[in-house]
Each structure stands twice: as structure tokens, then as C-alpha cells.
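The values are calculated or read from the model by the stated rules, or taken from the named source; none is laboratory data. Computed from a predicted structure; not experimentally measured. Backbone-built Cβ (ideal geometry, glycine too); neighbour counts: all protein chains shown.
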Ligand SMILES: Cc1cc2nc3c(=O)[nH]c(=O)nc-3n(C[C@H](O)[C@H](O)[C@H](O)COP(=O)(O)OP(=O)(O)OC[C@H]3O[C@@H](n4cnc5c(N)ncnc54)[C@H](O)[C@@H]3O)c2cc1C
Ligand SMILES: NC(=O)C1=CN([C@@H]2O[C@H](COP(=O)(O)OP(=O)(O)OC[C@H]3O[C@@H](n4cnc5c(N)ncnc54)[C@H](OP(=O)(O)O)[C@@H]3O)[C@@H](O)[C@H]2O)C=CC1
């Protein structure tokens, strides 16, 4: 490998998503005279714009998909190589690309993201959503669909059940309530009427982060197939594009073939037992048990005994980190969720190899108020911090874990409500050692506070509550709130003045 190296870069970053691009920006600006390379599978990169720190841990930014030339113009020391990394040779400090070129590195950061964890790779009517291509495939299938089954109870499912129109939606969730990755049953109860209401009644102005998808240039041919998440392909040979993010569905018609506006039925506490093609279903004895006898391209048998025919299934069941090209022949430690384990300096087990974003699993001892979730904000924070750690290493400087890893915070939008999650918002890891205070005004706001030993350790704020900064401060300063009791959520008290 040594003799085959075309060039050796001081810093190599793999992946043109938020984590990779932020890491590149950090290093290229800090070391303007060093060679930096970004390897990415697609022609476009994701860039954070209009970044704004809105409080000590909460941030807002827009995300734009841009041609990589924009980055190269900004940083003359940066080279973007449009080829997927096929293999990594940590002993000789080099990477080999899909088109057979070999490049050396002094320091490497893997930011290759993740891909949907599909229920099955075998059935072309089971789709996942991750990037622009997969959304186009979804949209195409949806335009002809009368009924779809959505499996999963996290971010994508929550967005789809609300956004899809003109098509019946059967939503299969493992839990007793909707949205288990983000809320508890109380919040789910608050949100459920939005699913039942006519959408025109609940829709207000969209205030969430802007997400821009520029049209790819005609010559910017993508190297991946359009249905890469819907068919059984070797994930190591087809490179995914960058993940979508906030407002990805704005401006995209998510319309089925029917006239219905919004028809969602939730099947609680069930998983998928089996997925049949129409041929398999006809041959199986299940059809005799089936109440729904229409003819469908795919059938989903649930563990609650029901079977639904549908046009296609969306597997919104989480992600798998893209580690394959890197782990082969190298001694990395993988976490239980499949991510590359990183320490508090974003270092993997291999010398000079760092990782950031969805591909990695944060394996340092976390602050009691922070947890990893594979989110846009964390991808940015990790990419930026990884760049700073790589720089500190090169300069033999010490660096402390960044403050953004002190407190978990996430600002998003579900069912057209602003949603803010802080700290241990679902009392994660607290066992019975916590109490909850809840305030709820139907159709307006849901406020939940998690207290442990009199201190606030988490909060869920749904609606325009205006409480996020005060609660963030109360969580960070760990003030003893025992004497305030339920007054803490008294709507007649201006809590901000209370704690000034
Ligand atoms: C539908 C959807 C909605 C979402 N909504 C939100 C939201 O509202 N809020 C939020 O915070 N988060 C959201 N997320 C999550 C968020 O988008 C991701 O956590 C974040 O974008 C991950 O960034 P990343 O840079 O780690 O990975 P990615 O964006 O996946 O980027 C990985 C990059 O690596 C490249 N790559 C992969 N393998 C190779 C290889 N072998 N060689 C070279 N390049 C390679 C890919 O082409 C890509 O450019 C959403 C995700 C999805 C799918
Ligand atoms: N607004 C936002 O912040 C959004 C964020 N995202 C992010 O994008 C990524 C992908 O989203 P998504 O796919 O929804 O992933 P999530 O991790 O958010 O949710 C996955 C859901 O699927 C469930 N699940 C896992 N395996 C199965 C199975 N075999 N059968 C049934 N259910 C299963 C999980 O349950 P359990 O947890 O019990 O395993 C969980 O409810 C995530 O990182 C997510 O955070 C996506 C959309 C919006």
C-alpha cells in the first residue's frame, strides 16, 4: 500500500454529511497551510448555515445541500475526492477509494453516517427513508398507494403519520403510546388528537429549521441506485447519501392515490411477525384467516394477530452505522448499536483515527444529563469537536470535553408543535428515583419536568411554552427546588422572574 499512495494529506475526513463537513471546516480554517481532504460518495455536501447559539446548550441552524466546489472555493487547502472509501489500512495510514486510488493520512476522521435498519432486505415493497434518493422512491410509491403500513415509533414514523395525505396509514408501534423515543405516554395523549383532526384545522405557520435541497446539477450523476434501501443489496458496495433532516418533507408532495386527507389507525403493542409478498400470501393458509381480503402487493402479519395488506411498508425502525468499509482488517471496537466506539476525544481504538456523527457511539462516561441520540445537532457538535481534538493532538495541546456534552438538548417539531427536550427528558436511567410534574392545556401545551432528589434533571416542552431557557438554567445549576413544589409549573407565576 505504501508505494501506491497518490498523495498524503495531513487530515482526511470521510463523509459529506453534517459531521464530516463541520469537521472539515474546523480543520481547514485552523490549518490553512496544511492539506485537508474530504472523501464523499455523492456529488453534494451538507452545510450548516445561519448557525445561532440560542441558549447555553440549544442551537439553531439551517442546512443546505450544496455542490462541494463551494467548500473548495472557501478553503484553498481543501481537496474533495468524490469517491467512496472502499477500505482503510490503519497500519499504513491510508485509504483506498472505490475507483482504486490510494491516499495517505496523518489523521483521519470517519463521518460516514448511518443507513436505515430495515425489517427485511428481501422485499422490494419494504422501504426506508434516509436521503434524497430514498425520499424520491418513497414519493413515487406513495403517489399510487391506497394504504401503507408504517412500522416504528421514532422520529421518521412521527413525521410520516402526520405528513402523509391521500392514503390510509396503519401505524404499528411496539409500545403502549406513540413516539416512545421522544416522549412518554402523557405527551402522546396530548398529541394524539392532532392525528385525528383535519389537518387544515391544526396547521399553523411552519417555524422549524429551514432545510434546503438544491436540485443536483445535471452532470452531477449520483453513483448509487435509486432504490438502494428497498432491495437486498450489499450495504458495503452501495454508498448512501447524507441523511435528511428538519423539514425534509416541506415542499415535497407526500400524497397518496386517494382523496382522504388524513386517516391513521394505530396498532399498539405489536411487532411484525412476518412480511409476505402477494404470491406468498396467496399460498399461505393466512389468507383464510384474513378479514381484509383485498389484493395487495405486500402483507404484514403483526404479533397482535392482525394481518394487513398494503401497497408498501415503511420500515422506520432506526439506523445502522456505516462502518463496513472501515472495520475490515482493522481492530476497532464496535458498540452494541453497531457504532464505532469513541472516547472523550472522539478517538477510536486505532491510532490517529477519529469518528463523529451517526457512525460513532460516544463511549466516554457521560455527564448525568446527556445521552447520545443520532441527531443533526449532535452530528454538528461531534464533527466540530472531533476537528478540535485532532488539532489539539497535532499541536500537543490538551483539550477538555466540550460543554455541549454537558446537557442533552433537542429542539424539533412534531405534529406542528414545537418540541423541546432537555436532559433526562424521559427519566432515562433514573429508575424509580425521580418524580414528575406535569402541566397540560389541551391543544396548546404540554410541560413535563423530571425531578430527582429535588433537582430538575429533564424536561419535555411541547407548544410555545417559552420555558426552555429558564428550565435549561435550572437543570444546569442543579438548584434544590424542593421548597417550590408544584408551584414550579403554576401557570400564574412568571417563572422567569421567580428565579432571577
Ligand atoms: C428523514 C430524517 C429526518 C431527520 N430529522 C431530523 C431532525 O428533525 N432533527 C435532527 O436533529 N436530526 C434529524 N435526523 C437525523 C440527522 O439527519 C442525522 O443524525 C445527521 O444528519 C447525521 O449526520 P452525519 O454527518 O453523521 O451522517 P450522514 O448525514 O448520513 O452523512 C454521511 C456521509 O458519509 C458519506 N459516506 C458514507 N459511506 C461512505 C464511504 N464509504 N466513503 C465515503 N463517503 C461515505 C455519505 O455519502 C454521506 O455524505 C433525521 C434523519 C432522517 C433520515
Ligand atoms: N425530528 C427529529 O428529531 C427526527 C429525528 N430523526 C432521526 O433519524 C434517525 C432515523 O429515524 P427512525 O428510523 O425513526 O429511528 P428512531 O431511532 O427515532 O426510532 C426507531 C423506532 O423503531 C422501533 N423499532 C426498532 N426496531 C423495531 C422492530 N424490529 N419492530 C418494530 N419497531 C422497531 C424503535 O423502538 P425501540 O426504541 O424500542 O427500539 C423506535 O421506536 C434517528 O436517528 C432519529 O433520531 C428522524 C426524524 C425526525
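Of all the residues in the range 397-425, those that are closer than 17 Å to residue 460 by Cβ, outside any strand (DSSP E or B) and over 18 Å from the mean Cα position of the chain (by Cα) number 2. Just one of the listed residues (73, 59, 6) is more than 8 Å from ligand 1 (Cβ to nearest atom), outside the structural domain of residue 470 (by TED's automatic domain parsing), closer than 30 Å to residue 423 by Cβ and surrounded by fewer than 21 Cβ atoms within 10 Å (Cβ to Cβ), namely 59. Against the list (1) free of Cβ contacts under 8 Å to residues at least 40 places away in the same chain; (2) in a helix (DSSP H, G or I); (3) surrounded by fewer than 16 Cβ atoms within 10 Å (Cβ to Cβ); (4) in contact with a strand residue (DSSP E or B) (Cβ under 8 Å, 6 or more places away or on another chain), the condition residue 486 fails is (1).
Of the candidates 42, 16, the single residue that is crowded, with 24+ Cβ neighbours inside 10 Å and either over 27 Å from residue 405 (Cβ atoms) or not assigned by TED's automatic domain parsing to the domain that holds residue 349 (or both) is 42. Residue 167 meets each of the listed conditions (1) modelled with pLDDT of 95 or more; (2) more than 11 Å from ligand 2 (Cβ to nearest atom); (3) more than 20 Å from residue 320 (Cα to Cα) apart from (1).
Within the range 374-389, the residues that satisfy the criterion of being without any contact (Cβ under 8 Å) to a residue 60 or more places away in the chain and either near ligand 1 (Cβ under 10 Å from one of its atoms) or under 11 Å from the mean Cα position of the chain (by Cα) (or both) are 375, 378. Residue 85 falls short on exactly one of the conditions (1) within 16 Å of ligand 2 (Cβ to nearest atom); (2) surrounded by 20 or more Cβ atoms within 10 Å (Cβ to Cβ), and that condition is (1).
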